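K.L.:
One structure coming up, written as structure tokens, with questions to follow.
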Amino acid sequence: MRATDVLTVAAEGGVIGDGRTGANLALGVGLLGVAIGWLALARVAGRISTGSARIGAMSAMAAGVVGIVLAALHLATSSGGPGTGNGMVGAVAALPLGLTAMAIGRRALTRSRSRSTELSDERAVHERGSGSVS
């Protein structure tokens, strides 16, 4: 099965279930991306010490993109309008959730890069200052 077929089936709600399944999947992926991005920001700030902030930030951005794609596919393939039970409102709500996950991930990635630059600058200054003097 090709990736486009998998995304289409997921956006349509899968093989079983009602029309809201695809929207719920997009909402779940977007919410997962926001949570991962939040944890990555906490890691950059030094509030937690497990995992890599860079990997978390990239994972949050990837989850945000997947959530947006799933929501857009669900909106494109669902029939009817809001209130018909097809999950259109959930898909519309998943779009800003995915965008939020991408924004938080980008912010964590930018902060982790600036922090690593600061740390490497401090190491270089420390190495120059601790050199042997005859």
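K.L.:
Regarding residue 10, is this residue at pLDDT below 75 and more than 22 Å from residue 104 (Cα to Cα)?
P.N.:
Judged against the criteria, residue 10 is a match.
K.L.:
Sticking with this structure for a sec: What number goes with the only condition from (1) surrounded by fewer than 16 Cβ atoms within 10 Å (Cβ to Cβ); (2) among the hydrophobic types (A, V, I, L, M, F, W, C); (3) part of a helix (DSSP H, G or I); (4) modelled with pLDDT under 75 that residue 16 does not pass?
P.N.:
The single condition residue 16 does not satisfy is (3).
The values are calculated or read from the model by the stated rules, or taken from the named source; none is laboratory data. Keep in mind that what you see is a predicted model, and the values were worked out from it rather than measured. A quick note on method: Cβ atoms are made from the backbone with ideal geometry, for glycine too, and the neighbour counts reach across all protein chains shown.
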